[in-house]
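Worksheet: the structure to be examined is printed underneath.
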Amino acid sequence: MTRKTFARIAAVLLIIHGLIEVSALFALKLMTNSLVSFGGMDPAQIKANTGSIVALGTLWGLTRFMAAWGAWSLKKWGVALGIAMSLVTMSAAVTVIPAGVTDTFTAALVLGLLLYTWFGREKFEA
């Protein structure tokens, strides 16, 4: 496979991840009255911060869409943004286990694909 193929696969995964994030957050906004304890967080604490959680999650989703567009068109800024988003997601996802498992898996896959897009089959010179 070529770098372009890897970039396009990563772009599709970034779009899917962004859609999941945005749709899940809007579902959270709609379901605030039926929240139960999640990941050790008190439902009242989640309810009090729902607006902020939804706004930040939407921003993250839109950033993934931008990275996907840049990666699809083989722009280095898009690949770099996707790599940055993947690294941040992998480090932050452990705070929202069990939901973070899916985030971590998707981010790790995107990270590998985008690193291959950036470096290809280059090797270190001795």
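FYI, it's all coordinate maths here, none of it is from the lab. Source: prediction; values computed, not measured. For neighbour counting, all protein chains shown are included, and Cβ atoms are generated from backbone atoms with ideal geometry for every residue, glycine included.
List of remarks:
- Label point distance in nm, Phe105-Met66, each placed 7 Å from Cα along Cα→Cβ: 2.9
- Neighbour-count ranking [beta-carbon atoms within 10 angstrom, fewest first] of Ile83, Ile20, Ile9: Ile20, Ile9, Ile83
- Exposure proxy order (Cβ contacts within 10 Å, fewest to most) of Met85, Met66: Met66, Met85
- For segment 77-86, putting each phi into the Karplus relation 6.51 cos²θ - 1.76 cosθ + 1.60 with θ = phi - 60° gives couplings of 4, x, 5, 5, 5, x, 5, 4, 4, 5 Hz, in residue order, rounded to whole numbers and with x for Gly and Pro.
- In order through segment 108-114: 3J(HN,Hα) via Karplus (6.51 cos²θ - 1.76 cosθ + 1.60), integer Hz, x for Gly, Pro: 5, 5, 4, 4, x, 5, 6
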